[in-house]
Amino acid sequence: MKLDKRRRIENKTNYNKRLKLLKGKVPRLVIRKTNKYMVLQIIESKNAQDKVIFSVTTRELLKSGWPKEKQGSLKSLSASYLGGYLLGKKAGKLKEKIILDSGLNPSTKGSRIYAAVKGVADSGISINFDEKIIPPMASIEGKALKLDEIFKKVKGAIK
């Protein structure tokens, strides 16, 4: 069995989408969801070889003041936004425009992926997105989950 067929059957790679992204020759914002965290990376490709330039997991929010007892919510909308914000602050020197690579994750309005994109954009990195697909700021700040105080504290701690 060929490699590309195996990875497609295992739901790991969409090669048509990957080829289009590689032809663009623009750094990509790659967002992946795990069972506990969100993984955000800015990746550059040269000759179809990917190189991670900047990387963040939402687990790093624990160092910025995210409470240990709320560790189970490190893949919430708030944590996704703050993870994107942290990645953007780390990649502050990046002057190029980046594009979103959501992989095989479906494009759903108001999802955690778009909360992370909003965080990256708010940190000063240039990325194209439609404002209609971003979750409302009240949801991102976690008012319903009583995370709004934590959100403000952690956002203030990220430099």
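The values are calculated or read from the model by the stated rules, or taken from the named source; none is laboratory data. Being a predicted model, the structure only gives us computed values, none of them experimental. Backbone-built Cβ (ideal geometry, glycine too); neighbour counts: all protein chains shown.
Pick from 15, 85: which is within 17 Å of residue 157 (Cα to Cα) and of a type in the set (Ser, Thr, Tyr)?
Values: 15 fails: within 17 Å of residue 157 (Cα to Cα).
Just one listed residue meets the conditions, 85.
For the range 19-33: of the residues being among the basic types (Lys, Arg) and surrounded by 15 or more Cβ atoms within 10 Å (Cβ to Cβ), which is nearest to residue 100 (Cα to Cα)? Can you show your working first?
First, the residues of the range 19-33 that are among the basic types (Lys, Arg): 20, 23, 25, 28, 32-33.
Still in the running and surrounded by 15 or more Cβ atoms within 10 Å (Cβ to Cβ): 28, 32-33.
Details: 28: 6, 32: 11, 33: 14 Å.
Going through the qualifying residues, I end up with 28.
Quick one: count up the residues across the range 79-123 that are small (Gly, Ala, Ser), modelled with pLDDT of 90 or more and closer than 16 Å to residue 27 by Cβ. Steps first, please.
Of all residues in the range 79-123, those small (Gly, Ala, Ser) come to 79-80, 83-84, 88, 91-92, 102-103, 107, 110-111, 115-116, 119, 121, 123.
From what is left, the residues that are modelled with pLDDT of 90 or more are 79-80, 83-84, 88, 91, 115-116, 119, 121, 123.
Those left that are additionally closer than 16 Å to residue 27 by Cβ: 84, 88, 91, 116, 121, 123.
The qualifying residues number 6.
Under 7 Å between Cβ atoms, at least 6 apart or on separate chains: pull out the pairs that start in the range 35-51 with a residue that is under 16 Å from residue 91 (Cβ atoms) and end on any residue that is buried (at least 16 other Cβ atoms within 10 Å of the Cβ) and among the aromatic types (Phe, Trp, Tyr).
Final answer for the pair search is 41/54; 42/54.
Rundown of residues vs (1) in contact with a helix residue (DSSP H, G or I) (Cβ under 8 Å, 6 or more places away or on another chain); (2) surrounded by fewer than 20 Cβ atoms within 10 Å (Cβ to Cβ); (3) not aromatic (Phe, Trp, Tyr), yes/no style:
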site	(1), (2), (3)
109	yes, yes, yes
113	yes, no, yes
117	yes, no, yes
123	yes, yes, yes
128	no, yes, yes
138	no, yes, yes
143	no, yes, yes
153	no, yes, yes
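Only one of (1) modelled with pLDDT under 90; (2) of a type outside the set (A, V, I, L, M); (3) not in a loop (DSSP other than H, G, I, E, B) fails for residue 54. Which number is that?
The failed condition is (1).
Can you pull out the helices (runs of 4 or more DSSP H) entirely within the range 92-159 that have at least 3 residues that are touching a Ser or Thr at 6+ places or on another chain (Cβ under 7 Å)? It would help to see each step written out before you state the result.
Working: elements: 112-122, 137-140, 148-157.
Hits in the range 92-159: 112-122, 148-157.
Can you tell which of 93, 89 is exposed (fewer than 14 other Cβ atoms within 10 Å of the Cβ) and farther than 20 Å from residue 148 by Cβ?
Unique residue meeting the criteria: 93.
Would you confirm whether any residue within the range 85-97 is within 17 Å of residue 140 (Cβ to Cβ) and of a type in the set (Gly, Ala, Ser)?
Looking for residues that are within 17 Å of residue 140 (Cβ to Cβ) and of a type in the set (Gly, Ala, Ser), one finds at least one in the range 85-97, hence yes.
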